[in-house]
Amino acid sequence: MPGRPSASRRTVLRGVALTPVAGLGLAACGPGGDGASASATPTGPVELGAESEIPKGGAKLYRDHNVVVGRDGNGTLKAFSTICTHAGCPINKLQGTTLACPCHGSEFDATTGKVVRSPATEPLHELPVRADNGTIVAGPGA
Ligand code: FES
């Protein structure tokens, strides 16, 4: 690896600056898409959408924010980061209440955050969530 600070500084620094969370060398396995490469969860409260969109026992994936919101049988909302706990890929698929990671096939329950299929072993990171006048707000400080 070229590690000299003065020689090949430009490209190296640029690459590092764009991937603050990765660290495992697998950041490139995400879906990419529009080039935003924002593979991180909210750092503050974000408005996601109407609370009425999530029925009891259902879930909704907010890909732009890397957040999934599920509602358990009691009607309680739960929000989770959809950054896979296996190697950090953004999870981009929700079928029913099952989140499927595109990288190595891990699956998670979107209403509990629990792993339902390996290789991941850790549950999804839970985020604070509340309903504010019918709008779901999730993220730190929500
Ligand atoms: Fe999700 Fe490996 S990063 S299964």
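Nothing in this text is a laboratory measurement; each read-out follows from the coordinates by a stated rule. Just so it is clear, the model here is predicted, and its values are computed rather than measured. Don't worry about glycine lacking a Cβ; one is built from the backbone with ideal geometry, like all the others, and counts go over all protein chains shown.
Expressed in Å, the radius of gyration and Dmax of the Cα atoms of the stretch 99-142 are 13.0, 39. Based only on Cα atoms, what Rg/Rh ratio does the stretch 69-112 have, Rh being taken as Kirkwood's radius? Dividing the radius of gyration by the Kirkwood radius yields 0.99. For the stretch 93-104, backbone phi angles converted through the Karplus equation (6.51, -1.76, 1.60; θ = phi - 60°) give residue-by-residue couplings of 9, 10, 10, x, 10, 10, 8, 10, 7, x, 7, 9 Hz, Gly and Pro being listed as x.
Among Val129, Val67, the order by Cβ neighbours within 10 angstrom, fewest to most, reads Val129, Val67. Counted residue by residue at 0.36 nm each, then reduced by the alpha carbon distance between them, the extension gain from Arg117 to Arg63 reaches 17.4 nm. The loop-placed trypsin sites (Lys or Arg not before Pro) in the stretch 86-140, going by DSSP, that have at most 15 neighbouring Cβ atoms within 10 Å of their Cβ come out as Lys114.
State the extension gain, in nm to one decimal, for the chain segment bounded by Arg130 and Asn92, taking 0.36 nm per residue of separation less the distance between their alpha-carbons. Could the numbers behind the result be given before it?
Details: separation 38, 0.36 × 38 = 13.68 nm, distance 2.28 nm.
Working it through step by step, the gained length comes to 11.4 nm.
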